[in-house]
Amino acid sequence: MGLKGGAFLAIWHDIAEGAHENYIEWHTREHMPERLSIPGFRTGKRLHDRDAARYVFGTIYAGEDVEVFRSPAYLERLNNPTPWTSDVAPSFQNFLRIACRRIAHAGLGDGGAMATIRFAFSGERGESGLEQGAQPLVDAILSLPGVAAVHLGVARAEVSSVRTRETEIRSEMAEKGFDAVLLVEGSSRPGLVASVGRARDLALQTGLLTGAEINLYDVAFTLTSEDMEGAA
């Protein structure tokens, strides 16, 4: 399966106390099926770390290319939220949502855990320098014990910052953005915990990235566009 396509939409957030069960039911039964029925959406993964101090939930949507995340079909859904979406959206807190162009990946299949590591660019070479060294970096991270797959993306905030009706019914996004993000999938959470620090260090050693905001999740639910075709 894996994250297919050339881009992904990365989302981190919390949910208000008392609203977790409704959120999970909505996300599993309505929201992800709706998104994976949109042309160009390929894979969706819900991430969950119940013990996190911030960003208890995350979602990764893989798309054919980054323009999928501002396509007319997607914007039509964002501007016409369902009644259940309208009920759930106000419970979102600390919401961060940024489209990314995937510049390198390594590994096959899907891990049962995922670490997200957000970075800022360091120095003048920025994105161009990172793209030149992207494949060796993800290959090196893949070689770490417990790592099953690695994806490196650069932020395209201009794509995901289009205001829609869903934007209006959520709390205003005030979270700190990022320039690049690593998605590191692990064959087990304990194994990924043991290797995520080394993955961060390998990225920082390029001299092209700074800072490192790490979140580590269980992969709680996965859905693909092929699943939705089978359900039609």
Name the single residue, out of those in the range 86-122 being at negative phi and among the polar types (S, T, N, Q), that is least open to solvent (accessible area, probe 1.4 Å). T116
With (1) over 19 Å from M32 (Cβ atoms); (2) among the aliphatic types (A, V, I, L, M); (3) more than 20 Å from the chain's Cα centre (by Cα) as the list, and I169 as the residue in question, which single condition is left unmet? (1)
Where residues in the range 139-163 are within 20 Å of D65 (Cβ to Cβ) and assigned to a loop (DSSP other than H, G, I, E, B), which of them is farthest from the chain's Cα centre (by Cα)? V162
When (1) open to solvent by 20 Å² or more (accessible area, probe 1.4 Å); (2) out of contact with any helix residue (DSSP H, G or I) (no Cβ under 9 Å at 6 or more places or on another chain); (3) touching a residue at least 40 places away in the same chain (Cβ under 8 Å) are applied to A62, the one that fails is (1)
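Looking for whichever is assigned to a strand (DSSP E or B) and closer than 21 Å to K176 by Cβ here; the options are T210, T222. Which one fits? Working first, answer last.
Values: T222 fails: closer than 21 Å to K176 by Cβ.
After ruling out the rest, the residue left standing is T210.
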Please count how many residues of the range 87-103 are over 18 Å from the mean Cα position of the chain (by Cα) and over 13 Å from T167 (Cβ atoms). 3
Taking A174, is it crowded, with 17+ Cβ neighbours inside 10 Å and on the phi < 0 side of the Ramachandran plot? no
For the range 128-181, name all the residues that are over 30 Å from S86 (Cα atoms), out of contact with any helix residue (DSSP H, G or I) (no Cβ under 8 Å at 6 or more places or on another chain) and β-branched (V, I, T). V138
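Go through the residues of the range 67-85 one by one and say whether even a single one is on the phi < 0 side of the Ramachandran plot and within 15 Å of the chain's Cα centre (by Cα). Write out each step before concluding.
Narrowing the range 67-85 to residues on the phi < 0 side of the Ramachandran plot: 67-85.
Now restrict to residues that are within 15 Å of the chain's Cα centre (by Cα): 68-69.
Yes, that holds for at least one residue.
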Return the pairs, sorted by first residue and then second, in which the second residue is open to solvent by less than 40 Å² (accessible area, probe 1.4 Å) and of a type in the set (F, W, Y), the first residue lies in the range 168-188 and is farther than 10 Å from F95 by Cα, the beta carbons are less than 8 Å apart, and the residues are 6+ apart or on different chains. F178/F119; D179/F119; A180/F119; V181/F119; L182/F119; L183/F8
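Any residue that is of a type in the set (S, T, N, Q) and at pLDDT 95 or above - is there at least one of those in the range 178-189? Don't jump to the end; show me each part of the working.
Residues of the range 178-189 that are of a type in the set (S, T, N, Q), as a first pass: 187-188.
So of that shortlist, the ones also at pLDDT 95 or above come out as none.
No, the range 178-189 contains no residue that is of a type in the set (S, T, N, Q) and at pLDDT 95 or above.
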What number of residues within the range 35-59 are in contact with a helix residue (DSSP H, G or I) (Cβ under 7 Å, 6 or more places away or on another chain) and either surrounded by 15 or more Cβ atoms within 10 Å (Cβ to Cβ) or more than 21 Å from R165 (Cβ to Cβ) (or both)? 8
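The values are calculated or read from the model by the stated rules, or taken from the named source; none is laboratory data. Here the structure is a predicted model, which is why all the values come from computation and not from measurement. Neighbour counts run over all protein chains shown; Cβ positions are idealised from the backbone, glycine included. Only protein heavy atoms, including side chains, enter the accessible area calculation; ligands, DNA and RNA are left aside. Shrake-Rupley method; radii C 1.70, N 1.55, O 1.52, S 1.80 Å.
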